[in-house]
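Presented below is the structure to which this report refers.
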Amino acid sequence: MIKLHEAFEIVLQRTSRLEAERVPLLQARGRVLAEDAASDMNMPPFPRSSVDGYALIAEDLQRLPARLQVVGTIAAGTYPEFAIASGQAAKIMTGAPVPAGADAVQMIERSRSTSTANEVEILEAASKGANISPFGSEARLGQVVAPVGSFVSPAMVGLLAAVGKREVVVYRAPAVGVIATGDELVEISEQPVAAQIRNSNSYALFAQIESAGARPHVLGIARDQKSQLRELMQRGLQYDLLLLTGGVSMGDLDLVEDVFAELGFKIFFNKVAVKPGKPVVFARAGNTLVFGLPGNPVSAATIFELLVRPAIRKMLGNVVYQNQIVNAHLTQRFVNRSGRENYAPAWTWYENGAYHVRALPSKGSGDVVSYAASNSYLICPIDRTELAAEEQVHAMLRPEFF
Ligand code: AMP
Ligand code: MG
């Protein structure tokens, strides 16, 4: 049995970034740029007023209030054909080009009208350059505004739109196959009878895969028979990643690892000292990385967060794979009898300048009711049987919540 951090290293070592592809800008969010993006213009393309006010010459404001002659009005989208001379001002709107001659804009709130038409009184001084974004001050024509490796956040989508990129080159998102295994499983549209339960794992994994930025493909349920497992697994090898749930513990019908071996998959590990989720098989078949996840829903979801999500991040071309872990103040005592590193479903919140965390009461790794109410994990190190209330501990934040 290996430790979690060893499993993490092995998974990342075996995982590589996928190839680049060109996609429409609106499909690029959550991906990583595979090509530098350069600006096709100077930004701003003219000296731009950042406020509504008066474009003027800063030196004219040495004696206040300063009376200035208003020689024109400039709205955003119009280009001033006139210049400002000493003693003059132009009314200007946010985003409009500052006319030649002017070297500052004073806010409209610091002016007042006079009884004379085409005249304004400016009430406060302005320094040279005030409220003007100079030509090209944000980016120059041809300048790389987003280097290769940049994560395409919504803000990045906005920048790429501003520089005219209708399409961008990003690393491909992994396609991920999902197979549920178990004789007891029924579809969620069915009412389970006797010893049956619904196949919830395929749904939870679908959602997790999507939230990680990859593309889920659900292959259905394999019964606990080698022939069915073999058939679905072989179909799953068309994907970059294949996730199975169930069939990896010590029961008579836990056949997943055997079938991996029979199909010639290279197995890297089959047990990790982590709770929940000790039985985890990680293997490779051709270009497909395969995870045999535990069947228990909380275990499957947790191993996804600990090992699969980082692998997806790497495939997407991200440079940071790790989950976000913070120091937190433990509000309730926590007991860990597992002898493994424990990731207990928890609630973490930020209050008075610090994170606080408490494990949620749980009936174990089948308890999806408790798990679904969590937003994080309380981490209990492998060598600790107990964490005392008021201790400083580590909490792993789940990305959907923070
Ligand atoms: P296994 O690892 O196959 O022994 O399964 C462990 C536990 O997880 C059993 O209680 C299973 O019924 C449950 N389980 C397995 N697969 C699923 C699934 N797809 N959805 C929900 N629960 C499952
Ligand atoms: Mg099973």
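The values are calculated or read from the model by the stated rules, or taken from the named source; none is laboratory data. Only a predicted model underlies this, so the values are computations on that prediction, with no experimental measurement involved. Counting neighbours? That spans all protein chains shown, and the Cβs are built from the backbone with ideal geometry, glycine included. Please note that ligands, DNA and RNA were not included when accessible areas were found on the heavy atoms of the full protein model with its side chains. Shrake-Rupley method; radii C 1.70, N 1.55, O 1.52, S 1.80 Å.
Listed values, structure above:
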| read-out | value |
| --- | --- |
| Residue match in region 329-345 (condition: of a type in the set (G, A, S), open to solvent by 10 Å² or more (accessible area, probe 1.4 Å), touching a residue at least 40 places away in the same chain (Cβ under 8 Å) and within 16 Å of ligand 2 (Cβ to nearest atom)) | no |
| Complete set of residues in region 380-402 that are hydrophobic (A, V, I, L, M, F, W, C) and in a strand (DSSP E or B) | C380, L387, V393, A395, M396, L397 |
| Residue satisfying all of: in region 179-193; within 16 Å of ligand 2 (Cβ to nearest atom) and of a type in the set (G, A, S); farthest from N323 (Cα to Cα) among these | G182 |
| Residue among V193, V186, V178, V259 that alone is within 11 Å of ligand 1 (Cβ to nearest atom), out of contact with any Asp or Glu (no Cβ under 8 Å at 6 or more places or on another chain) and farther than 25 Å from G317 by Cβ | V186 |
| Checklist (1) among the β-branched types (V, I, T); (2) closer than 30 Å to A261 by Cα; (3) within 16 Å of ligand 1 (Cβ to nearest atom) applied to V369, failing item | (2) |
| Residue that is most open to solvent (accessible area, probe 1.4 Å) [pool: residues in region 26-40 that are in contact with a Gly (Cβ under 6 Å, 6 or more places away or on another chain) and not in a loop (DSSP other than H, G, I, E, B)] | A38 |
| For M43: the one exception among (1) over 30 Å from A311 (Cβ atoms); (2) in contact (Cβ under 8 Å) with a residue 40 or more places away in the chain; (3) surrounded by 21 or more Cβ atoms within 10 Å (Cβ to Cβ) | (3) |
| Check on N318, part of a strand (DSSP E or B) and among the polar types (S, T, N, Q) | no |
| Some residue of region 65-77 being more than 17 Å from I132 (Cβ to Cβ) and under 43 Å from the mean Cα position of the chain (by Cα) | yes |
| Selection within region 355-367 - within 16 Å of ligand 2 (Cβ to nearest atom) and surrounded by 18 or more Cβ atoms within 10 Å (Cβ to Cβ) | S365 |
| Conditions (1) assigned to a loop (DSSP other than H, G, I, E, B); (2) modelled with pLDDT of 95 or more; (3) open to solvent by less than 50 Å² (accessible area, probe 1.4 Å); (4) within 29 Å of I209 (Cα to Cα): number failed by Y377 | (1) |
| Leading residue by the ranking (least open to solvent (accessible area, probe 1.4 Å)) among those in region 384-402 that are free of Cβ contacts under 8 Å to residues at least 60 places away in the same chain and of a type in the set (A, V, I, L, M) | L387 |
